[in-house]
Amino acid sequence: MKLYFATGSCGLAPQIALREAEQAFDLIKVDFKTKTTVEGDYFEVTPKGFVPALKLDDGAVITEGAVVLQWIADHNPERKLMPAPGLPERYRALEWLNYIATDMHKGYATLFSPFLDEASKARFIDGNLSTRFAYLDEHLSRNDYLLGADFSVADAYLFNILTWSSRVNVDLSAYASIQRFMARMGQRPSVQASLEAEGLSLK
Ligand SMILES: N[C@@H](CCC(=O)N[C@@H](CS)C(=O)NCC(=O)O)C(=O)O
């Protein structure tokens, strides 16, 4: 199995999930500028050219981070990385994955956009993302993890996106429960090993 990633990208969450699942995998780095890897043309792996992508041993390729995370959870059920399909709690987990993919991931993507000036980005943080932070902070004041007491792949995804904050001038210091969540995640061996594999550290 191969996980295609780029340093500091949304490939961190599936890496964390694979480590939580104790699933063996090779990490293949994608150069965004050239869309190549050590294997050659990344567009041959996925015509989207985006990370993450998970290439299974039979050659099938799974894309879209939220779906890759579900695949990892569902194929390692004993690790309890997500509630089983059909359970009411499953839909809570799916709600979170979708929320993080749409409101958080693509919200932060706006802040990396070369098409917007810094003042517009600051207004977007104040007018849009701050409402998401307040929602998350209140939820995390009552729950150690998004689904309650136990870690799930949704936490890996949220952690992944929030690690971008310092790169895009998002100040999370007012959100104590988010800060505690980040610190709690930073204690997990899977997170530490994933950051180290990408040459990153928690600031
Ligand atoms: N819809 C995709 C989006 C993934 C995505 O935005 N990936 C970014 C990195 S975080 C990427 O590969 N960007 C490539 C580029 O900008 O050239 C998903 O949810 O997995």
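The values are calculated or read from the model by the stated rules, or taken from the named source; none is laboratory data. Predicted model, so just to flag it, every value in this text is computed and none were measured. Glycine gets a Cβ as well: all are built from the backbone with ideal geometry, and neighbour counts include every protein chain shown. Ligands, DNA and RNA are stripped out before the accessible areas are found, and what is left, the full protein with its side chains, is counted by its heavy atoms. Shrake-Rupley method; radii C 1.70, N 1.55, O 1.52, S 1.80 Å.
For TYR157, state whether it is among the aromatic types (Phe, Trp, Tyr), at pLDDT 95 or above, within 15 Å of the chain's Cα centre (by Cα) and under 20 Å from SER201 (Cα atoms). Break it down stepwise before answering.
Working: among the aromatic types (Phe, Trp, Tyr): yes; at pLDDT 95 or above: yes; within 15 Å of the chain's Cα centre (by Cα): yes; under 20 Å from SER201 (Cα atoms): yes.
Yes, satisfied.
Determine, yes or no, whether ALA66 is more than 16 Å from the ligand (Cβ to nearest atom), at pLDDT 95 or above and not assigned by TED's automatic domain parsing to the domain that holds ARG167.
Working: more than 16 Å from the ligand (Cβ to nearest atom): no; at pLDDT 95 or above: yes; not assigned by TED's automatic domain parsing to the domain that holds ARG167: yes.
Taking the combined requirement at face value, the residue does not satisfy it.
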Q) Only one of these conditions is not met by ALA73: (1) in contact (Cβ under 8 Å) with a residue 40 or more places away in the chain; (2) outside the structural domain of LEU18 (by TED's automatic domain parsing); (3) more than 12 Å from the ligand (Cβ to nearest atom); (4) among the small types (Gly, Ala, Ser). Which number is it? A) (2)
Q) Looking at (1) outside any helix (DSSP H, G or I); (2) in contact with a Leu (Cβ under 9 Å, 6 or more places away or on another chain), which is the only condition SER113 fails? A) (2)
Q.
Looking at (1) at pLDDT 95 or above; (2) within 23 Å of ALA6 (Cβ to Cβ); (3) not β-branched (Val, Ile, Thr), which one does LYS203 not meet, given that it meets all the others?
A. (1)
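Among the residues that make up segment 23-30, is at least one of them within 11 Å of the ligand (Cβ to nearest atom) and modelled with pLDDT of 95 or more? Write out each step before concluding.
Within segment 23-30, the subset within 11 Å of the ligand (Cβ to nearest atom) is 30.
Next cut, modelled with pLDDT of 95 or more only: 30.
Yes, segment 23-30 contains a residue that is within 11 Å of the ligand (Cβ to nearest atom) and modelled with pLDDT of 95 or more.
Mind counting the residues in segment 95-121 that are open to solvent by less than 50 Å² (accessible area, probe 1.4 Å), of a type outside the set (D, E, K, R) and over 24 Å from PRO14 (Cβ atoms)? Steps first, answer last, please.
In the first step, residues of segment 95-121 are kept if they are open to solvent by less than 50 Å² (accessible area, probe 1.4 Å); the result is 96-97, 99-101, 103-105, 107-111, 113, 120-121.
Keeping just the survivors that are of a type outside the set (D, E, K, R) gives 96-97, 99-101, 104-105, 107-111, 113, 120.
This time we only want the ones that are over 24 Å from PRO14 (Cβ atoms), so: 120.
Within segment 95-121, residues that are open to solvent by less than 50 Å² (accessible area, probe 1.4 Å), of a type outside the set (D, E, K, R) and over 24 Å from PRO14 (Cβ atoms) number 1.
So which residues in segment 105-147 are polar (S, T, N, Q) and either within 16 Å of the ligand (Cβ to nearest atom) or outside the structural domain of VAL170 (by TED's automatic domain parsing) (or both), if there are any at all?
Here is the first cut: in segment 105-147, the ones polar (S, T, N, Q) are 110, 113, 120, 128, 130-131, 141, 143.
Within segment 105-147, THR110, SER113 qualify.
One line per residue, one yes/no per condition, for (1) out of contact with any strand residue (DSSP E or B) (no Cβ under 7 Å at 6 or more places or on another chain); (2) loosely packed, with under 14 Cβ neighbours inside 10 Å:
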{"residue": "GLY127", "(1), (2)": "yes, yes"}
{"residue": "SER173", "(1), (2)": "yes, yes"}
{"residue": "ILE178", "(1), (2)": "yes, no"}
{"residue": "ALA197", "(1), (2)": "no, no"}
Q) Do we have ALA101 as within 16 Å of the ligand (Cβ to nearest atom) and assigned by TED's automatic domain parsing to the domain that holds SER152 here? A) yes
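So, in segment 180-194, how many residues would count as being open to solvent by less than 40 Å² (accessible area, probe 1.4 Å), of a type outside the set (Gly, Ala, Ser) and under 14 Å from GLU20 (Cβ atoms)? I'd like the intermediate steps shown before the answer.
Residues of segment 180-194 open to solvent by less than 40 Å² (accessible area, probe 1.4 Å): 181-182, 185-186, 190-191, 193-194.
Filter once more, keeping what is of a type outside the set (Gly, Ala, Ser): 181-182, 185, 191.
Cutting the leftovers down to under 14 Å from GLU20 (Cβ atoms) gives us 185, 191.
Total meeting the criteria: 2.
Counting only residues that are open to solvent by 20 Å² or more (accessible area, probe 1.4 Å), give me the strands (runs of 3 or more DSSP E) lying completely in segment 1-84 with at least 3 of them. Spell out the reasoning first.
Numbers: elements: 2-5, 26-29, 53-55, 61-63.
Of the strands (runs of 3 or more DSSP E) lying wholly inside segment 1-84, those with at least 3 residues that are open to solvent by 20 Å² or more (accessible area, probe 1.4 Å) span 26-29, 61-63.
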